[in-house]
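In what follows, a single structure is set out as structure tokens and then discussed.
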Amino acid sequence: HRVTLVERSDRLGGTLFFAALAYPENGRLLDYLVRQMDHPNIQLRLNTTVDAGLLAELQPDEILVGTGARRAAPAIEGAQQSHVWSGDELRRLMTGDRAEEIARAKLNLAERALFKAGGMFKVTDSTAAIQNLSKLWMPLGKRVVIIGAGLVGLELAEFLLDRGREVTVLDPGTHPGTELAIVRRWRVYDAVKKHGKLLMQSNVTRIERKEVVWTDKKGEEYRTPADSVVLAIGAEADSAVADQLQSLTRTPVRRIGDCQDLGYIEGAMHSGHQAGREV
């Protein structure tokens with residue numbers, strides 16, 4: 001096979017790069033995968049968006065789309081405020097995926113100056129550099145509330161606790177981190193319980209400028225102070241890019257990874273491998 005790998009940003013890895021910030025073993029996996037792209041029959045095209053012109057140029061026999069999931073904004077009063085971040089917004093800012101666009105939307109002038117002075121825009125090819133710089137400055141206040149205790153919420157909580165933040169994780173469910181492998185789940189669960197707060201069966205009703213209002217399983221209302229809020233819930237498969245490409249061509253379009261079904265890293269590895277065998 002001759003393969004053209006197209007990526008809209010200036011680096012490989014996508015969400016796996018962000019996951020490597022919280023869990024270094026993910027970085028080793030990413031390094032391995034990137035090295036496999038050094039192959040005579042693989043052409044990389046970074047900073048590129050697939051459109052009708054590119055399809056006409058490449059004339060592919062198969063199109064595989066692995067553009068990942070999306071996190072829809074939850075129906076929580078106050079979720080549109082500037083101190084409320086989606087997991088995707090934070091990922092893009094920290095990894096340089098159109099980071100300046102997010103910085104303009106979410107940061108004030110002083111914060112943008114700090115972000116730029118810290119060199120964050122220029123180190124997005126290095127998880128180690130971002131890890132070190134993020135210990136000096138991040139676009140989040142001292143007290144952080146994370147809504148969602150899944151894989152993203154717990155690993156982000158661990159990352160922020162290591163950077164001196166006071167972290168509270170709120171989730172309406174009963175079992176945290178179900179997407180994580182069992183050993184990793186209990187390690188990160190223990191870290192968050194020991195150094196932060198993990199409150200299950202907690203339903204967030206609204207987000208105020210300095211507080212998150214939520215109720216427990218008995219319906220009793222509580223208020224948790226918050227300088228910043230991160231929404232780590234609502235992940236769903238996102239086939240928008242695949243659907244758009246299918247409308248442009250008669251070439252078969254196959255969805256792989258989280259744009260087809262949520263499976264996170266393990267699911268992406270399995271679906272990519274299966275697609276490669278079946279092409």
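The values are calculated or read from the model by the stated rules, or taken from the named source; none is laboratory data. What you are looking at is a predicted structure, and each value in this text was computed from that prediction instead of being measured. Note that each Cβ is placed from the backbone with ideal geometry, even for glycine, and that neighbours are counted across all protein chains shown. SASA here: full protein model, heavy atoms, side chains in, ligands and nucleic acids out. Shrake-Rupley method; radii C 1.70, N 1.55, O 1.52, S 1.80 Å.
Numbers at a glance
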quantity: nm² value of the averaged projected area, convex hull over the Cα atoms of region 137-279; calculated: 11.4
quantity: In degrees, nearest ten, helix 24-36 long axis to first principal axis of the chain (Cα); calculated: 10
quantity: Relative contact order (%) - region 160-222, alpha-carbon pairs under 8 angstrom, separation at least six; calculated: 31
quantity: C-alpha long axis of helix 151-161 to longest principal axis of the chain, angle in °; calculated: 60
quantity: Cβ-based charge dipole, the chain, positive-most Cα from Met138, His39, Leu21; calculated: Met138
quantity: Magnitude of the charge dipole, region 143-274, Cβ model with Lys/Arg +1 and Asp/Glu -1, debye to 20; calculated: 220
quantity: Three-way shape label, region 235-277, alpha-carbon gyration tensor, a/c 1.5; calculated: oblate
quantity: Region 149-279 - percent relative contact order, Cα under 8 Å, separation 6 or more; calculated: 17
quantity: Tilt relative to the chain, helix 264-278 - C-alpha long axis, 0 to 90 degrees, to 10; calculated: 10
quantity: The chain, accessible surface, carbon-and-sulfur percent (1.4 angstrom probe); calculated: 49
quantity: Distant-in-sequence amide H partners of Val230 (H built 1.01 Å from N, under 5 Å); calculated: Trp85, Val145, Ile146, Ile147
quantity: Listed residue (Trp186, Gly219, Val204) projecting farthest to the positive dipole end of region 169-222, Cβ model; calculated: Trp186
quantity: Prolate/oblate/rounded call for region 178-243, Cα gyration tensor, a/c under 1.5 rounded; calculated: oblate
quantity: Accessible surface, per residue, of the chain when the full set of protein chains is kept, probe 1.4 Å, Å²; calculated: 55
quantity: The chain - percent relative contact order, Cα under 8 Å, separation 6 or more; calculated: 23
quantity: Proximal aspartates and glutamates relative to Lys142, as straight alpha-carbon distance under 17 Å, when same-chain residues fewer than 8 apart are discounted; calculated: Glu111, Glu158, Asp162, Glu166, Glu208, Glu211, Asp227
quantity: Gyration tensor verdict on region 1-90 (Cα atoms; rounded if a/c is under 1.5, prolate if a/b is larger than b/c, oblate otherwise); calculated: oblate
quantity: Label selected from (i) 15.4; (ii) 13.8; (iii) 20.4, the criterion being mean projected area of the Cα convex hull in nm² as computed here; calculated: (i)
